[in-house]
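Below is one structure; the comments refer to it alone.
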Amino acid sequence: MQHFIPIFVGYDSRERAATNVLIDSLYQNSSSPISVTPIVLDQLSKQGLYWRNRDPKQSTDFSFSRFLVPFLMNYKGWAIFMDCDMLCRGDISQLWSLKDESKSIMCAKHIHEPIEKVKFLGETQSKYKMKNWSSLMLFNCSKCRNLTLDYVNNSSGLQLHQFHWLEEENLIGEIDKNDWNFLVDVQSLSSKSIKKNNPKLIHWTLGGPWFEDSLSSDKYFSDEWFEARKKVIEI
């Protein structure tokens, strides 16, 4: 039995501020003990766990390394992976309680068909089926043994992000995308709806307010992120 929630956060040096604010928001809102591990590419490379060359379509350092989570867990128990460009506004224990032992992974099944050609820092905006599904994943690690070091390091981006390593698509459980992994500027939500639905985990997939040239037109969540950062700095 796991007595704490293992959480892995994708790390990119260009988003250090975002990573720190996210981690603090997880600790501040959780009613259960959590353990947060940033996935740092250089560390994985030095340990001989990651050796693939950077893909031209790869927008972050953790585009592919996220799929090493089951290996890092020794294929035991459950673990959460999330992108660093998020802010947790609710109790992560509630997400943890949604684990379904009949599934190999669980995620928010977005239908995201971007119209823009670039996102943060001028990175290419790629279009593909199941986009953003892998930005938040609950791994049932014992059922993800196909994610070996060789597979993660040698498979294409689509093979990984479209879950070709699963025997069947019905092994992907669903998480409410309006609750967990709410996509800022992609999912429409009025100020009244925000107060009513109160998404618990928000995601700046187009680029967060920590970037000077952020593409986000949102103000409500951006102000909230700056307030969260202020609290981290004041500690």
Could you tell me whether Ser45 is of a type in the set (Gly, Ala, Ser), at pLDDT 95 or above and surrounded by 17 or more Cβ atoms within 10 Å (Cβ to Cβ)?
no
Within the stretch 88-109, identify whether any single residue is within 12 Å of the chain's Cα centre (by Cα) and among the charged types (D, E, K, R), and answer yes or no.
no
Would you check which residues across the stretch 154-180 are crowded, with 17+ Cβ neighbours inside 10 Å and of a type outside the set (A, V, I, L, M) and list them?
Ser155, His161, Gln162, Phe163, Trp165, Gly173, Lys177, Asp179, Trp180
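Listed residues Phe71, Phe67; which is in contact with a helix residue (DSSP H, G or I) (Cβ under 8 Å, 6 or more places away or on another chain) and open to solvent by less than 10 Å² (accessible area, probe 1.4 Å)?
Details: Phe71 fails: open to solvent by less than 10 Å² (accessible area, probe 1.4 Å).
Only one candidate qualifies: Phe67.
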Give me the pairs, please: first residue somewhere in the stretch 138-159 and within 27 Å of Ile92 (Cα to Cα), second residue anywhere and crowded, with 19+ Cβ neighbours inside 10 Å and of a type in the set (Val, Ile, Thr), beta-carbon distance under 6 Å, and either six or more positions apart or on two chains.
Leu138/Ile80; Phe139/Val69; Phe139/Ile105
Could you list, in sequence order, the residues of the stretch 126-145 that are surrounded by fewer than 16 Cβ atoms within 10 Å (Cβ to Cβ) and at pLDDT 90 or above?
Ser142, Arg145
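For the stretch 4-76, list the helices (runs of 4 or more DSSP H) that sit wholly inside it and hold at least 2 residues that are among the small types (Gly, Ala, Ser); which are they?
Details: elements: 16-29, 41-46, 69-72.
Correct list: 16-29.
Go through the residues of the stretch 187-208 one by one and say whether even a single one is β-branched (Val, Ile, Thr), at pLDDT below 85 and over 30 Å from Pro70 (Cβ atoms).
Initially, the stretch 187-208 is screened for residues β-branched (Val, Ile, Thr), giving 194, 202, 205.
Keeping just the survivors that are at pLDDT below 85 gives 194.
Now restrict to residues that are over 30 Å from Pro70 (Cβ atoms): 194.
There is at least one residue in the stretch 187-208 that is β-branched (Val, Ile, Thr), at pLDDT below 85 and over 30 Å from Pro70 (Cβ atoms).
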Single residue of Ser31, Ser13 found to be open to solvent by 10 Å² or more (accessible area, probe 1.4 Å) and either farther than 25 Å from Trp210 by Cβ or not polar (S, T, N, Q) (or both):
Ser31
Go through the stretch 97-125 and give me each residue that's open to solvent by 30 Å² or more (accessible area, probe 1.4 Å) and at pLDDT 65 or above.
Ser97, Leu98, Lys99, Asp100, Glu101, Ser102, Lys103, Lys109, Ile111
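The values are calculated or read from the model by the stated rules, or taken from the named source; none is laboratory data. Worth saying up front: this structure is predicted, and the values here are computed from it rather than measured. Backbone-built Cβ (ideal geometry, glycine too); neighbour counts: all protein chains shown. To get the accessible areas, we keep the full protein, side chains included, count just its heavy atoms, and leave off ligands, DNA and RNA. Shrake-Rupley method; radii C 1.70, N 1.55, O 1.52, S 1.80 Å.
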